[in-house]
Amino acid sequence: MDELKQNTLETFQLFLNKYDLVSKKAFDFNGVTLFPAEIHTLDFIRRRRVTYVSQIAKETGITRGAASKVTLRLKNKGLITQNPDRRNKSRQLLKTTSRGEGACEAHGAHHEKLDRQFHAFFNSLDTGRMETINSLFKMMDTWMDNYL
């Protein structure tokens, strides 16, 4: 393997290790301490306005069990409400509370502050480079399926 490819793989591994560390770190969002999986699930619920556990699982690529656990934590923290679906008695509809909305707004500000440099780089990429990156990410997604 040539040196550039080796350096690229090592840089990618460094990124994965850091990402793993960040995923296990709690952050404060408007007075609410949440892990990335929690705030991203909360933000998913907010963007959908009303959703349910199986939709979270399906659209975010996590198991129904994991989605159920994280939504229970969000409910216990007063960030979402859970009410029976009148049309489908087997599911509960989830919606953010005002406290949950505040956490999501703080999360957005958090990303605006920390991600500015990355977004500037990402937005500067031409179509050809963006297509290459998109293809790489799709290949990586398929590759990770081998480990699941």
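For first residues located in the stretch 1-27 and within 29 Å of residue 38 (Cα to Cα), partners that are surrounded by 10 or more Cβ atoms within 10 Å (Cβ to Cβ) and among the aromatic types (Phe, Trp, Tyr) and lie 6+ apart or on another chain with Cβ distances below 7 Å form the pairs 26/35.
Keeping to the stretch 76-108, report how many residues are basic (Lys, Arg), touching a residue at least 12 places away in the same chain (Cβ under 8 Å) and farther than 17 Å from residue 26 by Cβ. Before the answer, list the steps.
Taking the stretch 76-108 and keeping what is basic (Lys, Arg), we get 77, 86-87, 89, 91, 95, 99.
Then drop every residue that is not touching a residue at least 12 places away in the same chain (Cβ under 8 Å), which leaves 77, 91, 95, 99.
Filter again for farther than 17 Å from residue 26 by Cβ, leaving 91, 95.
Number of matching residues: 2.
Could you tell me whether the stretch 93-100 includes any residue that is part of a loop (DSSP other than H, G, I, E, B) and of a type in the set (S, T, N, Q)? Checked against the condition, which is being part of a loop (DSSP other than H, G, I, E, B) and of a type in the set (S, T, N, Q), the stretch 93-100 yields at least one hit.
Condition first: hydrophobic (A, V, I, L, M, F, W, C) and surrounded by fewer than 18 Cβ atoms within 10 Å (Cβ to Cβ). Now tell me which residues in the stretch 63-80 satisfy that. Quick ask: steps written out before the conclusion?
In the first step, residues of the stretch 63-80 are kept if they are hydrophobic (A, V, I, L, M, F, W, C); the result is 66-67, 70, 72, 74, 79-80.
The answer is 66, 72.
Scanning the stretch 112-146 for residues that are in a loop (DSSP other than H, G, I, E, B) and either within 20 Å of the chain's Cα centre (by Cα) or touching a residue at least 24 places away in the same chain (Cβ under 8 Å) (or both) yields a single hit, 115.
To keep it simple, each residue is scored yes or no on (1) under 21 Å from residue 140 (Cβ atoms); (2) assigned to a helix (DSSP H, G or I); (3) in contact with a His (Cβ under 8 Å, 6 or more places away or on another chain).
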| site | (1), (2), (3) |
| --- | --- |
| 6 | yes, yes, no |
| 11 | yes, yes, no |
| 17 | yes, yes, no |
| 25 | no, no, no |
| 33 | no, no, no |
| 75 | no, yes, no |
| 102 | no, yes, no |
| 110 | no, yes, no |
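Hey, among 68, 54, which residue is touching a residue at least 12 places away in the same chain (Cβ under 8 Å), closer than 29 Å to residue 141 by Cα and in contact with a Lys or Arg (Cβ under 7 Å, 6 or more places away or on another chain)? Spell out how you get there, then give the answer.
Details: 68 fails: in contact with a Lys or Arg (Cβ under 7 Å, 6 or more places away or on another chain).
On inspection, the qualifying residue turns out to be 54.
What are the residues in the stretch 16-45 that are in contact with a Gly (Cβ under 7 Å, 6 or more places away or on another chain) and closer than 25 Å to residue 87 by Cβ, if any? The one that is in contact with a Gly (Cβ under 7 Å, 6 or more places away or on another chain) and closer than 25 Å to residue 87 by Cβ: 42.
A short reminder: the numbers here are calculations on the coordinates, not readings from a lab. Just so it is clear, the model here is predicted, and its values are computed rather than measured. No Cβ is skipped: glycine too gets one built from the backbone with ideal geometry, and neighbour counts run over all protein chains shown.
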